[in-house]
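Okay, so here's the structure we're looking at.
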Amino acid sequence: LSKTSFDLQKLCKSIVEKLGMEAKKRNHTLTYTERGKLPVFFGDKDRLEQVIINIVTNALKYTPDNGNITVSCGYYFTDAVICVTDTGIGIPKEDLPYIFERFYRVDKARSRKYGGTGLGLAIAKEIVEAHSGKIEIESKFKIGTKVTITMPIYSE
């Protein structure tokens, strides 16, 4: 990792702005919410951008037209917390324990329709853990998904 100090909230907001056109193509509402002012974050900006783009892109991809995707960034005690919530198709309960495994696909037939390799979430988990953080997914099939990333604001 190439760690530097940067504004994590500004990064999240810029990703939402960057993906805004993609959201509009499917009439999605993509919003960003700041949860309090986050101190300067110390981490690998490029790798974290990769993680957040992957998660938001998944939310856009797996949310039917006219859906809602919300990205929020703030802090809780000494941790930065990023949440991506969608009104998408969700993940069946029996698939949740495997979602971070390399090449794991919830529905093999879906992989042809939506593309991808099944590596995105596995790589995202590795990057978050390299920042001494954790990534968690809560999902209800046919209702939506919430991805929560929690990382210490400053770590060596």
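Overview of values
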{"item": "Residue count for the range 59-83, restricted to those that are within 8 Å of the chain's Cα centre (by Cα) and open to solvent by 10 Å² or more (accessible area, probe 1.4 Å)", "result": "1"}
{"item": "Residues satisfying the stated conditions in the range 47-74, i.e. under 17 Å from Val128 (Cβ atoms) and hydroxyl-bearing (Ser, Thr, Tyr)", "result": "Thr57, Ser72"}
{"item": "Unmet criterion (only one of (1) out of contact with any helix residue (DSSP H, G or I) (no Cβ under 6 Å at 6 or more places or on another chain); (2) in a helix (DSSP H, G or I)) for Ile15", "result": "(1)"}
{"item": "All positions within the range 84-104 that are open to solvent by less than 50 Å² (accessible area, probe 1.4 Å) and touching a residue at least 12 places away in the same chain (Cβ under 8 Å)", "result": "Val84, Asp86, Gly88, Ile89, Gly90, Ile91, Pro92, Leu96, Ile99, Phe100"}
{"item": "Tyr32, sole failed condition from (1) assigned to a strand (DSSP E or B); (2) farther than 19 Å from Ile127 by Cα; (3) over 16 Å from the mean Cα position of the chain (by Cα)", "result": "(3)"}
{"item": "Thr33, sole failed condition from (1) without any contact (Cβ under 8 Å) to a residue 12 or more places away in the chain; (2) of a type in the set (S, T, N, Q); (3) under 22 Å from Ser139 (Cα atoms)", "result": "(1)"}
{"item": "Cross-chain or 6+ apart pairs with Cβ under 9 Å, the range 137-156 first and over 12 Å from Thr87 (Cα atoms) and open to solvent by less than 100 Å² (accessible area, probe 1.4 Å), then in a loop (DSSP other than H, G, I, E, B) and among the β-branched types (Val, Ile, Thr)", "result": "Ile137/Ile91; Ile137/Ile99; Pro152/Thr78; Ile153/Val40; Ile153/Thr78"}
{"item": "Residue satisfying condition, being at pLDDT below 95 and open to solvent by 20 Å² or more (accessible area, probe 1.4 Å), within set Lys10, Lys45, Lys37", "result": "Lys37"}
{"item": "Residue count for the range 67-81, restricted to those that are at pLDDT 95 or above and outside any strand (DSSP E or B)", "result": "1"}
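The values are calculated or read from the model by the stated rules, or taken from the named source; none is laboratory data. Predicted model, so just to flag it, every value in this text is computed and none were measured. A quick note on method: Cβ atoms are made from the backbone with ideal geometry, for glycine too, and the neighbour counts reach across all protein chains shown. Ligands, DNA and RNA are excluded from the accessible area calculation, which covers all protein heavy atoms including side chains. Shrake-Rupley method; radii C 1.70, N 1.55, O 1.52, S 1.80 Å.
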